[in-house]
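The structure appears right after this line, and notes come after that.
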Amino acid sequence: MKKIAMLPGSYDPVTLGHVDVIRRAARIFDSVHAVVMINAEKAGSGMFLPDERLEILRCACRDIPNAKCALCYGLASDYAEENGVSFIAKGIRNPTDFDYEYGLAQIMKKFSEGIETVFLPADPSYLYISSTYARERIRHGCDLSDVADAETASLIEELFRKK
């Protein structure tokens, strides 16, 4: 049986830290699904629209052969069931991330007992990078080389200029 993991997130936008976790999960699991989760109540509130987030995520994951990028407007548990996912993989930067993600893992167990959550500690070189940090750098026209690879950064800048 294939081990399929899901990496749900807002990815607004995806960062080098996200890609590092996706890449590491891809070495552990047969297939990984990096899934842009869309909260219907906040769908228009991010820096990038859902389709733009997906485009950026696909660019960032272009060289991870067993990674699939997708959108989900519903529950993570429904996506998992529909796509044969049995693991949720989450990156953890600090104790605050752990506390939050641990709570979500317990909620996921209520929805689907067959899904295990796996925590991957962040690479120390990405500890300070968050999507919030990335959005601030984008808004102020800063260099994005510490946020995304060159091709992904270029796409982010292009999409932001169109706004």
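Observations on the structure shown:
- Entry note, the chain: relative contact order of 29 percent, from Cα contacts under 8 Å with a spacing of 6+ residues.
- Rounded if a/c under 1.5, otherwise prolate or oblate - the chain, Cα gyration tensor axes: prolate
- Note on the range 121-163 and the range 1-53: Cα centroid distance 15 Å, given to the nearest whole angstrom.
- Backbone geometry of the range 12-24 corresponds, through the Karplus equation with coefficients 6.51, -1.76 and 1.60 at θ = phi - 60°, to 3J(HN,Hα) couplings of 10, x, 5, 10, 4, x, 4, 5, 4, 5, 4, 4, 5 Hz, x marking Gly and Pro.
- Of the trypsin sites (Lys or Arg not before Pro) found in the range 74-162, the ones in coil according to DSSP and having at most 13 other Cβ atoms within 10 Å of their Cβ are LYS162.
- Rounded to the nearest Hz, the phi-derived 3J(HN,Hα) couplings of the range 129-140 under the Karplus curve 6.51 cos²θ - 1.76 cosθ + 1.60 (θ = phi - 60°) are 8, 9, 5, 4, 4, 4, 4, 5, 5, 5, 4, 9, where x marks glycine and proline.
- Over all other residues within a Cβ to Cβ distance under 10 Å of LYS90, the charged ones net out to -2, with Lys and Arg as +1 and Asp and Glu as -1.
- Sparse-neighbourhood loop sites, GluC sites (Glu not before Pro) in the range 74-140 - DSSP loop, at most 13 other Cβ within 10 angstrom: GLU113
- Amide H contacts of ILE92 (H built 1.01 Å from N, in plane; Pro and chain starts excluded): LEU120, ALA122 sit under 5 Å, all sequence-distant by 5 or more or on other chains.
- The apolar share of the surface of the range 1-109, taken as the fraction of accessible area on carbon and sulfur atoms (1.4 Å probe, ligands and nucleic acids excluded), comes to 54 percent.
- Heavy-atom surface of the chain, accessible at 1.4 Å and reported per residue (Å²): 54
The values are calculated or read from the model by the stated rules, or taken from the named source; none is laboratory data. Fair warning: this is a prediction, and the values are worked out from it, not measured in the lab. FYI the Cβ positions are ideal-geometry reconstructions off the backbone, even for glycines, and counts take in every protein chain you see. Heads up: the accessible areas ignore ligands, DNA and RNA and are worked out on the full protein's heavy atoms, side chains in. Shrake-Rupley method; radii C 1.70, N 1.55, O 1.52, S 1.80 Å.
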